[in-house]
Amino acid sequence: MGILHRVHARHAARVWEAETRILHRLGYVRPPVAVQWIVTSACDLTCHHCYSRSGRRAAGELTTDEARRLVIDELVRLGCPSLVLAGGELFLRKDLPELITYAAERGLAWAMHTHGRLVPRHAELIRRHPPEMAAVSLDGPPAYHDRFRGRVGAFDDAVRAIRTLRDAGVDEVVAGTTITRDNADLVADTLPYVVDSGATSWGLHLFAPEGRGEEHRALFPHPDQLRRVAAFARRKRAHFHVELDNEWGSAGDADLLYRDQPFLCGAGRITCVVSATGELMPCTTTDPAESAGNVREVPLSLLWRRGFAAFRQGGASCADGRECWLQSRNGNACRHLAFGEHLTPPPAPRPELHP
């Protein structure tokens, strides 16, 4: 099966994209595999790279009752995709324990993304209803992480959260590092801290100019940094579970050198995001123009079936599934910069034709 899977994976992107288009033309839409809910925009940090401009709680965030009816119950109606809880900082939402319990009782698997400070306060909740995966931000060695996050002690909070999650029985705890121009050359220094933290894997995200990050585009790494970090991840996978996350795009036939499964952008096709105020987005963008509608006005299950036509017809900026939509919509697609040695050159632009 190993060789069969590898051969299949080389053609999976074309097959998956063609299947999506055919199903869309027939009026059928797959249920989502995972739905992320930005539970709140509140955060006690104001990081420059934040995709959601977190800080203050947004006006009009979904109430407890709305979260139950319009998000959790609707996901049950959609066949129980995984519910990914993020923020802001998710544990700043006071009713979150109640909502996690309700989701678990309704049969939803859940996952979470946190900066970690408040995790120990919820150890018993996590022990009762363990997430299938938890990601904790860890952006470099202690001094760098604290400076990047703007709080002394933020690194210690993150490590404490990782250990709390492992002690509470969470099988998969990911230390998540967002690679920027400032920390790209610190990945080798960061690895020992990740290993010592007790994390089961290390996810290397890539800065995307979304949310507050749009104001700090200079954080995007240089091309040579992209190549070095990708090569580092490839080498270290033999010693520790390191993966490049979606923002990098696909490495083509070499994808399994960098991640466990070949990359295919699922935005609007198999995944979506519910904003703190109920907008249904294809991925983690705060651009209101990308909303398929608000779950307060139209049921989430119906928005999913009706929305995101461009993604399912091949008209989105990640049309072949090989590019990350968040990056490509910002003119930031970088797979050829990071993985150029493995990829055929991008097609040359067509010359303009003049009469």
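The values are calculated or read from the model by the stated rules, or taken from the named source; none is laboratory data. Quick caveat: nothing in here was measured; it's all calculated off a predicted structure. Glycine gets a Cβ as well: all are built from the backbone with ideal geometry, and neighbour counts include every protein chain shown. With ligands, DNA and RNA removed, areas are computed over all heavy atoms of the protein, side chains included. Shrake-Rupley method; radii C 1.70, N 1.55, O 1.52, S 1.80 Å.
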Remind me, relative contact order of segment 291-337 in percent, using alpha carbon pairs under 8 angstrom and six or more residues apart? 20 percent
Surface accessible to a 1.4 Å probe, Arg335 within the full protein complex, Å²: 20 Å²
For segment 209-251 and segment 264-331, what is the centre-to-centre distance using only Cα atoms, to the nearest Å? 23 Å
Give the percent of DSSP beta bridges with both residues in the chain that are antiparallel, rounded to the nearest 5. 10 percent
Could you tell me which label, among (i) 174; (ii) 133; (iii) 159, carries the value of volume of the Cα convex hull per residue in Å³ calculated for this structure? (iii)
Largest first, how would Tyr102, Tyr144, Tyr193 line up by accessible area (1.4 Å probe)? Tyr193, Tyr102, Tyr144
Would you work out the charge dipole size for segment 157-316 about its Cα centre, treating the Cβ of every Lys and Arg as +1 and the Cβ of every Asp and Glu as -1, and quote it to the nearest 20 debye? 320 debye
Can you give the relative contact order of segment 67-110 as a percent, counting alpha carbon pairs under 8 Å and 6+ residues apart? 55 percent
Heavy atoms only, probe 1.4 angstrom, no DNA, RNA or ligands counted: give me Leu78, Leu300 ranked by accessible area, highest first. Leu78, Leu300
The chain: calculated mean residue ellipticity at 222 nm from DSSP helix runs of at least 4, using -39500 (n - 2.57): -9000 deg cm²/dmol
Please list Cys334, Cys43 from largest to smallest accessible area, probe radius 1.4 Å, with all protein chains kept in place. Cys43, Cys334
